[in-house]
1. Under a plain spin-label model, where a point goes 7 Å from the Cα along Cα-to-Cβ, how far apart in nm are Asn236 and Lys101?
2. Taking 19 Å as the cut-off for C-alpha to C-alpha distance, list the pairs among Lys59/Lys101; Lys101/Lys148; Lys71/Lys101; Lys101/Lys367 that go past it.
3. Within segment 119-151, whose backbone N sits under 15 Å from a point 7 Å along Cα→Cβ of Glu212?
4. May I ask you to derive the FRET efficiency for Ile162 and Arg39 from their Cβ-Cβ distance with R0 = 22 Å, giving the value to the nearest 0.05?
5. Compute the FRET efficiency between Leu187 and Arg137 as 1/(1 + (r/R0)^6), taking r as their Cβ-Cβ distance and R0 = 30 Å, and round to the nearest 0.05.
6. Roughly how many percent of the accessible protein surface of segment 3-368 is carbon and sulfur, given a 1.4 Å probe and a whole-percent answer?
7. At q = 0.19, 0.22 Å⁻¹, what log₁₀ I(q)/I(0) does segment 149-263 have when each alpha carbon counts as one equal point scatterer in the Debye sum?
8. Identify which of Leu86, Leu336, Leu187 has the largest mean-square fluctuation in a Gaussian network model of the chain, with springs joining Cα atoms closer than 10 Å.
Amino acid sequence: MRLSHCHNFQDFRTLAKKRLPGPIFNYIDGGSDDESTYRRNTTAFESCDLVPNVLTGVKDIDLSVTVMGQKLDMPVYCSPTALQRLFHHQGERAVAAAAEKYGTMFGVSSFGTVSVEEIAKQVKTPQVYQFYFHKDRGLNRAMMERAKASGIQVMMLTVDSITGGNRERDLRTGFSIPFRLTLGGMLQFAIKPMWGINYLTHEKFSLPQLDEHIDMDGSATSIGEYFTNMLDPSMNWDDVAEMIKFWDGEFCLKGIMSREDARRAVDIGCTGIVISNHGGRQLDGSRSSFDQLAEIVDEVGDEVDVILDSGVQRGTHVLKALSMGAKAVGVGRMYLYPLAAAGQPGVERALGLMRSELERDMKLMGKTSVDQLSRANLRFR
Ligand SMILES: Cc1cc2nc3c(=O)[nH]c(=O)nc-3n(C[C@H](O)[C@H](O)[C@H](O)COP(=O)(O)O)c2cc1C
């Protein structure tokens, strides 16, 4: 299979699986525990159907939206994800360039493999900085100042990862940073030599956002230990309220799932909330984002931008979320498999296919702009 044969999410996934050593593919592909939330994330979109209108005159379609003060040409953005240069040597640089080409936003993770500053210089498109809250408050402030100085538009604090999810696929392969592969895991690398050659002939792996805190060469600190030793499990609403004041700009919480928390997020000054279960990678058995969207929009939809991620694979998934009241939709694996499969051309193809699907689906729905979508377009089964 080649890139030109990839027409949808599953095609990119198949190609990524072919190219990547098993432990890396499974790190991207996996969820936590029994992966039940992970599965429900996408099937939830099938609990309702779109009801189209016809004969409305749909020659020109405007897909643009404004979310957290950022004007995007389409309502889909690349959610921040860790370790992208491990999936393809172009990593974050490829994702940022593809997002810019399609006029949308992207995020750089705290566990990103290219520095926030470098990416900010590379592209003009809006950039989100995904943040974890550290025990050391001075470090939190220093990291925010660094983000501000490099021109980051949106701060996104991840709140669903107070401890790591139980990813059993990674336990089996020994995937961790630095690698602690099991014998089986090593064998899976051995049978994908092209990945290894590519990896070794490009810039050395690093985590520039955290390199002062994680020792990549020794066995000193792994990402797992970083979570335990550096991040603050006692983080609470007052801490975040202080952070928001300090940031003094667009600020959202990623991983809000309850109506009460959405309300509190508004009360402490967030300008957005991301309904997310981390792509089914944290609390298994938690509700899917789409199932939970309506009640959160009903609670705070008039006051902040409600965004959704987890499980989105298709243009019609996006239209269902927007009809329900989301302002924009984040994707993770939808661009990660294409990145792994083919680098920047892969991500560009995936975003291009998404834009075509959205345009086609809007026409078939009889809508010319995103603000015409409403719950009147949806019926639950
Ligand atoms: C491989 C991988 C790494 C991720 N790394 C991060 C991260 O560093 N920080 C974060 O807030 N979310 C991270 N996420 C979660 C994504 O930002 C997003 O919430 C999730 O992928 C959405 O679900 P989807 O993959 O079904 O689209 C990661 C997801 C994946 C698949």
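1. Those two pseudo-labels are separated by 4.8 nm.
2. Lys59/Lys101; Lys101/Lys148; Lys101/Lys367
3. 134-150
4. Computed FRET efficiency for Ile162 and Arg39 comes out at 0.40.
5. 0.10
6. 52 percent
7. Values, matching the q order: -1.19, -1.34.
8. Leu187
The values are calculated or read from the model by the stated rules, or taken from the named source; none is laboratory data. Just so you know, these numbers come straight off a predicted model, no measurement behind them. So basically every Cβ, Gly included, is an ideal-geometry build from the backbone, and we count neighbours across all protein chains shown. We work out accessible area using only protein heavy atoms, side chains counted, and drop any ligands, DNA or RNA first. Shrake-Rupley method; radii C 1.70, N 1.55, O 1.52, S 1.80 Å.
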